[in-house]
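Undergrad: One structure coming up, written as structure tokens, with questions to follow.
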Amino acid sequence: MVADTVGVHLSTVSLALRNDARLPLATRQRIQAVAQKLGYAPNPLVSLLMSRVRRRNAGYRGTLGYLHTVPRETPKLAGQVHRNFVTGARNRAMDLGYNLDEFYLTVDPASGKQLARMLDARSIAGLVIEHVPGPLCPGRRLPFDVTPFASASLGVPLAAPPLHYVANDQYMRAVVAARELLALGYRRPGLVVVDAFDSAMAHRCSAGFWAVQEYIAGVERVPICRIKGDDQATFHAWLKRHRPDVILATSRALLDWVTAAGRRVPEDLGWVHLDWLPEYKRIAGVYGNSEHTGAAAVELVVSQLHRGESGPPAHAMNYLVAGSWMNGKTIRKVGPPLDLEMSFFADLARV
């Protein structure tokens, strides 16, 4: 019906509805407008099947790119969170019929442009961008044009270009931990954050903890302890003055600081890791599920490829991957339980 109305071949309509760049923009827009007027809606199952069939042509390698915005030897990339991002992305890419190749920016000023040419030469149309702050992306801005690529970012949010973004839900980690701690009787939770970590996460971690203190009746307010680097003096002064009964922290080293201060865990003080990893077996905490974050970024890129979309979207969307509570021996029952849901969502309960 669309082809007859416009007076073009069926294949031309097919290309236009996929927003294929091989057709002039004006032709695509004219055909898409007619299709919309006629009430056309794609069958998502057929679209998925045809997308898989088209990927078999010799010019398309079925490969996605995974870009690290720092050099290969950057120490942060050796961390398990970053490894989980890549592992989750690669596994999901394979599930969807793609390979995943890793790329790195370098200190060469032309690195971004060279990378863009390399991706084009290898027919890589989809790109997952893991942004780690550093001099290669000054001002959190990518040093090359992503217009040719279907892309999504994870890690630290980019300032430009505006891309779909996937992140671990740092805000809800404090809420998830508070739910468990209040049920054990803790009433004076204290948050200790390294400033650089909280800032990189757009202060979502401290914002979630603030909400717990602000809206849950029965929780005593303890000021957030913000430290820079290895600032143990600030931590010990905060611990002595405010006497929290449980500490929520984003660094494993802080547990050693607690024991160095002569506090027994969990007898004198509870301790929760808000960036928990599987090697912390005996420690209670919230696991960020970073492998699912990497997988979600791939799904965003592939969905854009199926729709024929590329470049920064008109309206970038943020997706947050929920963390999972992991019980451990660094907390214990200390008093009567308090139901977080009854306070935190009190207004909803009355609706």
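The values are calculated or read from the model by the stated rules, or taken from the named source; none is laboratory data. None of these values were measured; they are calculated from a predicted model. Because the Cβ atoms are built from the backbone with ideal geometry, glycine has one as well, and the counts that use them run over all protein chains shown. Areas reflect the complete protein model, heavy atoms only, side chains present, ligands, DNA and RNA absent. Shrake-Rupley method; radii C 1.70, N 1.55, O 1.52, S 1.80 Å.
Undergrad: Mind checking which lysines have their C-alpha under 20 Å from K281, skipping anything on the same chain fewer than 8 residues away?
TA: Correct list for K281: K329, K333.
Undergrad: Moving on. What are the residues whose amide H is under 5 Å from the amide H of L127, where those residues sit 5 or more places off or on another chain and H is modelled from the backbone?
TA: When sequence neighbours closer than 5 places are left aside, the close amide H contacts are G65, A150, S151, A152.
Undergrad: Which whole-number percentage describes the relative contact order of segment 251-297, with Cα contacts under 8 Å and a sequence gap of 6 or more?
TA: About 25 percent, as a whole number.
Undergrad: Tell me, what HN-Hα J-couplings in whole Hz come from the Karplus equation 6.51 cos²θ - 1.76 cosθ + 1.60 at θ = phi - 60° for each residue of segment 65-80, using x for Gly and Pro?
TA: Those phi angles translate into x, 10, 9, 9, 8, 9, x, 4, 8, 4, x, 4, 5, 7, x, 5 Hz.
Undergrad: Among the DSSP beta bridges whose two residues both lie in the chain, what percent are antiparallel, rounded to the nearest 5?
TA: On the way: 3 of 42 bridges.
Within the chain, antiparallel bridges account for around 5 percent of the total.
Undergrad: Taking Cα centroids, how far is segment 81-96 from segment 155-199 in Å?
TA: 22 Å
Undergrad: Let me ask another. Compute the relative contact order of the chain as a whole-number percentage, counting only Cα pairs closer than 8 Å that sit 6 or more residues apart in sequence.
TA: Working: 609 pairs, mean separation 72.9, N = 351.
21 percent.
Undergrad: Per residue, how much accessible area does the chain have with a 1.4 Å probe, in Å²? Walk me through the intermediate numbers first.
TA: Working: 17660 Å² over 351 residues.
Using a 1.4 Å probe on heavy atoms only, each residue of the chain averages 50 Å².
Undergrad: Given H placed 1.01 Å from N in the peptide plane, which residues other than close sequence neighbours of L100 have an amide H under 5 Å from its amide H?
TA: HN-HN under 5 Å from L100: L64.
Undergrad: Positive end of the dipole of the chain, charges at C-beta (+1 Lys, Arg; -1 Asp, Glu), about the Cα centre: which of T293, G79, C137 has its Cα farthest in that direction?
TA: The Cα lying farthest towards the positive end belongs to T293.
Undergrad: Considering only protein heavy atoms and a 1.4 Å probe, what is the carbon-and-sulfur percentage of the accessible area of the chain?
TA: Within the chain, the accessible surface is 56 percent carbon and sulfur.
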